[in-house]
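The values are calculated or read from the model by the stated rules, or taken from the named source; none is laboratory data. Because the structure is a prediction, the values reported are computed rather than measured. So basically every Cβ, Gly included, is an ideal-geometry build from the backbone, and we count neighbours across all protein chains shown. Only protein heavy atoms, including side chains, enter the accessible area calculation; ligands, DNA and RNA are left aside. Shrake-Rupley method; radii C 1.70, N 1.55, O 1.52, S 1.80 Å.
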Amino acid sequence: MSDHDHDGHAHHQESFVRKYIFSTDHKVIGIQYGLTSLLFLLIGFSLMMLMRWQLAFPGEALPLIGSLFSDSTMPDGVMQPEFYNQLGAMHGTIMVFLGIVPLAVGAFGNYIVPLQIGAPDMAFPKLNMASYWVFFVGGLIMLSSFWLPAGAAKAGWTSYPPLADIETTGQTMWLFGMIFLITSSLLGAVNFLTTIIQLRAPGMTLWRMPFFVWAQLVTSFLLLLAFPPLEAAGVLQLFDRLVGTSFFLPSGLVVSGELLDVAGGGSPLLWQHLFWFLAHPEVYVLILPAMGIVAEIVANNTRKPLWGYRVMVYSVIFLGFMSFIVWAHHMFITGMGTALSGFFQITTMIISIPSVIILSALFLSLWGASLRFTTPMLFALAFLPMFGLGGLTGLPLGLAPTDIPLHDTMYVIGHFHYVVAPGTILALFAGIYYWYPKATGRMLNEPLGKIHFWGSAISMNFIFFPMLIQGLAGVSRRLYDGGASYEFAQDVIHYNETMSIAAWVLGLFQLPFIFNFFWSIWKGKKVENDNPWDATTLEWTATTSPPLGHGNFETAPTVYRGPYEYSVPGHDTDFYPQDQP
Amino acid sequence: MADSHSMEEIQKHVRVYMYVFGTLMVLTVVTVAVAYLHLNIWPALIVALVIASIKAGLVAGYFMHLIGEKKLIMYILALTGTFLVIMFILFISAYHDQVGRAALEMVYHVA
Amino acid sequence: MQIPYTVEARPDTGVNNAKLGVWLFLASEIMLFGGLFSAYIFLRVGSPEWPGDILGHTYTSASEILNVPLAFVNTIVLIASSVTIVLSWAALAMGNFKKYRIYMGLTVLAGFGFLIIKAIEYSDKFSHGYLPAENNFLGIYFVMTGLHALHVIGGMIVNGYFLGPGAKMWKSDPKRFMSRIEVAGLYWHFVDLVWIFLFPTIYLI
């Protein structure tokens, strides 16, 4: 912990390995996180595109690439149920823990936060490097589990026991991978908090911090305090699996017609409590940085101050706090008593208030503005209604009477995908388009960006909206055949094809983005000045694009004003940088 | 912190550390002694937790210099403590407020 | 530009980076052990008997299975090591490096003592067939004390480093070295704190 030697990095020529692989520069680490997590997002999405084939055409051979798979997973291109379950569990795990969190926190947080607060680097650069490499190892462990004889984890991303306790070896790998990922998040969280609290430039008071930094601050607290109980739970589940304890196994458990030979006396509910104690705050870990990104882009492209900046900050703090006491709304059907369920319903309704405030503030910021419809702004604008839809569809799930019939149906899948896919992921794309010139000195191509935007935003709705309809009809979320063998599902089953085609179309529309991303590194339009978006925050105004080497700023910037002073009357430009007196 | 302290102050600190050490020893003996009285679960639990909390307070307050520590650290610990207590309370309530717990009690004779 | 506040405190927060970082780390450690304590409570209130059936015999008190005198000695060893590490810091504050070495050496030694006693305790349990799989009480006992022992080992590695190769910094940058010892001490006291709660809750009640 205390080892954070930093002397003299900037003074001597660094070797390639020190500079680009085992780098301690937050900008390089941010890019490492970014590329790795984008790759994981693509992998996680590919798993889902495979599953969607089985859902749309159950039992039919997958054409073209089906023959590439092994006989234990897809003999003759027909997906086995076990493989379907592996894909499902790993899709969730990869998207949440290896894709979105490292992109939102590891990549954007690392790259942008020190620049926005005027810091030379993160507070503990070596710890920062360790955080990335621990994450990387965790990711490799997760991926490698697909090559185990019985395949990867199959018990869902929530890993509920007793199933997860008696699962094949993939689940053990999952737990080891999770322990690495949790450790990485903890190292990152300590680093972010120390950086934001300690390394702010002169004049950068808390109330002058951009909203994005506030969002990262609260997110880091969530990671710091919510992840450890899951680590504890992971250790307990590892003991259950490897040592034969029965922390999560009740007495008299019968598996495949035989009494399980364990001591018993444990409780599957214990896992659920420990898991959701993390996993509900985790939802906010996914969404808060996204809100932060959107706030930056909205302010920049409306050329107005954010409407209600302070209220947004109070809301984000309140959200963070409340997110610790709503977790059991995931567990209404576990036989919870009315008093406790009442408590969690009330807290769940309360937590929707600050989310609505933030969303409303962002909408009101648009009022009366002459919007610049740049690609990042389009993504940010789409985030607003999409996240709104995700939030509103969550309300029935937060109330026990409506949650009980909807629990574990496709409706739940539709709800949280609206929050994380057209919500968070669109916001993350917005961030990539917005800060790409910061990192490379070149703009991403606008027409390609717009194709990417419209294709993604529209196809995502064709994937997730039908899920809500199917769920209301009662289709369960975990059916290998997508409901084909159920009488009651027949009226809504045709949506499976629509959703699958939309998913593949969404995949196609990522191609212009991937091309754009790499092509623009060398061929993109060069930025005309260091501040191509005419922004006010420090990362644009006090440092070059792309930024200097290790150390970021030639001289420490001094901050004189709030983050969003756009269109200030009497000023000669329509933006008033934070570091201008 | 240390650089602002003079020699005498440090020596005063050292004396305090020794007093605290003595108190911790006494309290440890008391906990074990109470355990040998075989009290009922609730009084035993309360005595054990009260003594443990006093010991923890002494270690944190004097050895970890939490007395007189900066507000920032206090806020962080207060936040953590709040979530810890919330976790304990909700976990215990989650056990006690279960549908069908009466039936469970009949089967297992849980008190 | 250099990273500021690595040694001296930031005026408005009053602490340096290392100290804040370690306190934040300890906050997450509190939640880690808090999660395990919650699990312990949850399992315990859900059991008709505690510790319950082990190898065909029903126990009603943990002290019938665990060795309280050994754990008592271990409590004293750990508290004593907490005192020696704070004295090693005080020795540095008074500029007495020799005394620092002695006290830090004693701290590391106490760590070894704690682990040896723990090992005796564990091997005694294993030889009687009291394995973690036998019963949830034994399971949670091994998980919690085992994780605590891992923290002791981690602390000993850090303290050993500052006793040996890390002590060179006293010559080059004494202020920073003192800050490191203070921070290492914070962690070591935390390990002690966890044990102060583990001892009564697992062994005595």
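What is the sum of charges around A:Phe517, taking Lys and Arg as +1, Asp and Glu as -1, for the other residues whose C-beta is under 12 Å from the C-beta of A:Phe517?
In short, +2.
Give, as a single signed number, the net charge of other residues whose beta carbon lies under 13 Å from the beta carbon of C:Phe137, with Lys and Arg counted +1 and Asp and Glu -1.
-2
If you take the square roots of the eigenvalues of the alpha-carbon gyration tensor of the range B:27-66 and sort them as a ≥ b ≥ c, do you get rounded (a/c under 1.5), prolate (a/b over b/c) or oblate?
It comes out oblate by the Cα gyration axes.
Expressed in whole Å with the largest first, what are the equivalent ellipsoid semi-axes of the range B:1-69 derived from the C-alpha gyration tensor as the square root of 5 times each eigenvalue?
In descending order, the three semi-axes are 33, 12, 5 Å.
Could you give the Stokes-Einstein D for the range A:407-467 in µm² per second, using the C-alpha Kirkwood radius, 10 °C, 1.306 mPa s?
D, rounded to a whole number, is 123 µm²/s.
Checking the table A:Lys27/A:Lys526; C:Lys19/C:Lys99; A:Lys27/A:Lys450; A:Lys304/B:Lys71; B:Lys12/C:Lys19; B:Lys12/C:Lys98 against a 30 Å threshold on Cα-Cα, which pairs fail?
A:Lys304/B:Lys71
Carbon and sulfur atoms: what percent of the 1.4 Å accessible area of the protein assembly as shown do they account for?
Roughly 69 percent, rounded to a whole number.
How much accessible area per residue does chain A have, in Å², with a 1.4 Å probe?
So chain A comes to 35 Å² accessible per residue, rounded to a whole number.
For C:Val73 paired with A:Ser251, estimate the spin-label separation in nm (one decimal), with each label point 7 Å from Cα along the Cα-to-Cβ line.
Taking the simple label geometry, C:Val73 and A:Ser251 are separated by 3.6 nm.
List the trypsin sites (Lys or Arg not before Pro) in the range A:409-507 that DSSP assigns to loop (not H, G, I, E or B) and whose Cβ has at most 15 other Cβ atoms within 10 Å. Which are they?
Within the range A:409-507, the qualifying trypsin sites (Lys or Arg not before Pro) (loop, at most 15 other Cβ atoms within 10 Å) are A:Arg478.
Hey, what D do you get for chain A in µm²/s if you plug the Kirkwood alpha-carbon radius into Stokes-Einstein at 25 °C and 0.890 mPa s?
99 µm²/s
Over the range C:15-144, calculate the relative contact order: mean separation of alpha carbon pairs under 8 Å at least 6 apart, over the residue count, as a percent.
24 percent
Quick one: longest stretch of chain A between exposed loop GluC sites (Glu not before Pro), exposed meaning at most 11 other C-beta atoms within 10 Å and loop per DSSP?
Value returned for the longest uninterrupted segment is A:1-527.
Can you pull the Rg over Rh of the range A:57-97, Cα-only, Kirkwood?
1.04
Top mean-square fluctuation among C:Trp89, C:Trp188, C:Trp50, Gaussian network model of chain C, C-alpha springs under 10 Å?
C:Trp50
In whole Å, how far is the Cα centre of the range C:144-205 from that of the range C:76-105?
12 Å
What helices does chain A have that are whole DSSP H segments, at least 15 Å long along their own axis by Cα, and with mean Kyte-Doolittle hydropathy of -1.0 or more?
Passing helices, by number: A:26-56, A:81-93, A:125-144, A:170-198, A:211-242, A:268-302, A:309-322, A:338-366, A:375-398, A:426-440, A:446-472, A:495-523.
Please give the helix C:174-198 orientation as an angle from the longest Cα principal axis of chain C, in degrees from 0 to 90, rounded to the nearest 10.
It is inclined by approximately 10 degrees.
In deg cm²/dmol, rounded to 500, what helix-only [θ] at 222 nm does chain A give when every DSSP H run of at least 4 residues adds -39500 (n - 2.57) and the total is split over its residues?
-19500 deg cm²/dmol
Relative to the longest principal axis of the C-alpha atoms of chain C, give the angle of the C-alpha long axis of helix C:68-93, reported between 0 and 90° and rounded to the nearest 10°.
Tilt of helix C:68-93: around 10 degrees.
Students often check this: by mean Cβ neighbours within 10 Å, which of C:126-139, A:414-427, A:108-121 ranks highest, and how do the rest follow?
Ranked by mean Cβ neighbours within 10 Å, highest first: A:108-121, A:414-427, C:126-139.
Rounded to whole Å, give me the distance from the Cα center of the range A:224-283 to that of the range A:144-194.
Each part reduced to its Cα centre gives a spacing of 13 Å.
Quick check: net charge around B:Met64, other residues with Cβ under 10 Å of its Cβ, Lys/Arg +1 and Asp/Glu -1?
Here the charged neighbours net out to -3.
Whole percent per 10 Å bin, from 0 to the bin with the longest distance: what is P(r) over all C-alpha pairs of the range C:69-204?
12, 41, 26, 14, 6, 1
In nanometres, what is the gap between the two model label sites at B:Phe88 and A:Leu242, each 7 Å from Cα along Cα-to-Cβ?
3.0 nm
Compare C:Ile85, C:Ile120, C:Ile153 in a GNM of chain C, Cα atoms joined below 10 Å, and give the one with the largest fluctuation.
C:Ile120
Starting from the Cα of C:Ile120, move 7 Å in the Cα-to-Cβ direction to define the label point; list residues of the range C:70-104 whose amide nitrogen is under 16 Å from there.
C:70-78
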